[in-house]
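The values are calculated or read from the model by the stated rules, or taken from the named source; none is laboratory data. The model shown is predicted, which means the values in this text are computed figures rather than measured ones. Positions of Cβ are generated from backbone atoms using ideal geometry, with glycine treated the same way; all protein chains shown enter the neighbour counts. Heavy atoms of the whole protein, side chains included, go into the accessibility calculation; ligands, DNA and RNA do not. Shrake-Rupley method; radii C 1.70, N 1.55, O 1.52, S 1.80 Å.
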Amino acid sequence: MLLKCHNYYQVKITRHLLGHNLFKIVAFFWTLLIIYLCLKDVSSLPKISIKNIDKIIHFVFYFVFVFLWIKGMKSTSIYYFFIVVVLAIFLGIGIEFLQKYCTPKRTFDWYDIVANSLGAISSFFLVKNYFEIQNKNISQ
């Protein structure tokens, strides 16, 4: 009986730690990946001949960024979600300025900021709607 109880709490603690913390860890490394790839010399990256692929990549980077950071939060408050989106947008703007002033072969692009912001905002609305549906189902 004691062993069964011990295993129960071990599983419960493990699930708790992996739940939000795993998303925080992945979000942290995703953030580092965004910064690294956006400041890396693009001439060393493989060329893809799809029109506006860089904007699609920027959109996906920030969509996933917001999703991971929101999932890493214990709170489901819209206020915290909004803060994550604002931080994502500021990160995107900051990286664009770093590209302009700190990298020799990268340039500032307003359309990258637009793609970053649209990705962050889209993720916000998707996650917000998901939590609203989830809360509706719980209350019924």
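Taking the listed residues LEU126, LEU91, the one that is assigned to a helix (DSSP H, G or I), in contact with a helix residue (DSSP H, G or I) (Cβ under 8 Å, 6 or more places away or on another chain) and buried (at least 18 other Cβ atoms within 10 Å of the Cβ) is LEU91, with no other qualifying.
Inspection of region 17-30 finds no residue satisfying the criterion of being of a type in the set (A, V, I, L, M, F, W, C), in contact with a helix residue (DSSP H, G or I) (Cβ under 6 Å, 6 or more places away or on another chain), outside any helix (DSSP H, G or I) and open to solvent by 40 Å² or more (accessible area, probe 1.4 Å).
Summed over region 70-86, residues that are open to solvent by 40 Å² or more (accessible area, probe 1.4 Å) and in contact (Cβ under 8 Å) with a residue 12 or more places away in the chain total 6.
Report the residue count in region 101-113 for those that are closer than 19 Å to ILE57 by Cβ and assigned to a helix (DSSP H, G or I). Residues that pass the stated criteria total 4. Of all the residues in region 92-140, those that are acidic (Asp, Glu) and modelled with pLDDT under 85 number 1. Take TYR62 and decide whether it is within 24 Å of GLN134 (Cα to Cα) and modelled with pLDDT of 85 or more. In short, yes.
Scanning region 34-56 for residues that are of a type in the set (A, V, I, L, M) and open to solvent by 70 Å² or more (accessible area, probe 1.4 Å) turns up ILE48, ILE50, ILE56.
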